[in-house]
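Derivation of every value follows stated rules applied to the coordinates shown; laboratory data play no part. Quantities reported herein were computed from a predicted structural model and do not represent experimental measurements. Neighbour counts are summed over all protein chains in view; Cβ atoms, including those assigned to glycine, are modelled from backbone coordinates with ideal geometry.
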Amino acid sequence: MKKNGITLIELITTMLIAGIIGLAIAAHFIHEYRFRAAARDRIAFSREAGIAMNHITRVLRFAIPDTIETEYENDSLKKIEADIEGGHLDLTGTVEKESIFYQYDPGPGIITYGQGDNDAVELATNIIFFDVDWPGDDSQEAEPELKIRLTAGNADGSISIPLVTTIRVLPE
């Protein structure tokens, strides 16, 4: 005689297989979420580092060589200052010198930008390293180079985006 229905063993086996499949699907979605979050953070850090580097490069390209000064504190760059002449900063057609500065605070990882005696505005956050190599008057080069390095990332170092650029500073 044939009985309709399922046995307890069949039910338990089916539930066990369904549970394993459900856990595998959940693990896949969790992994996918973490991957997308890491990619999103990496893109955000990269974008911010790129914007900061582009701004610094664009402005310091017009620096007057004898006015570039760097200030260090505890062997780490604190501030770079320069006088800028011409270029995109002057929209009136006259060439006037303008003093600018970039200041780095490693505590919160912020680079600020200011002109003259004006208050500084935040240019970039999440900067874990910022340095400038400027040979200045010590260099015998005809055209000294200003090398800028910055790294954006998170505090634990699991994401870091290093950027390096060199600006050739032409003599006056």
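Under 5 Å from the amide H of A152 lie the amide H atoms of I128, I161, L163, each residue being 5 or more positions distant or on a separate chain, with H modelled from the backbone and absent for Pro and chain starts. Remark on A124: its backbone amide H falls under 5 Å from those of I111, a criterion applied only to residues 5 or more positions apart or on other chains, H modelled at 1.01 Å from N.
How do 2-9, 39-46, 102-109, 148-155 rank on mean C-beta neighbours within 10 Å, highest first? Numbers along the way, then the final one.
Working: 2-9: 6.6, 39-46: 14.4, 102-109: 15.9, 148-155: 19.2.
Top to bottom by mean Cβ count within 10 Å: 148-155, 102-109, 39-46, 2-9.
For each of F35, F129, count neighbouring Cβ atoms within 10 Å of the residue's Cβ, then give the residues from fewest to most. List each step's numbers first, then the result.
Working: F35 10, F129 16.
Neighbour counts put them in this order, fewest first: F35, F129.
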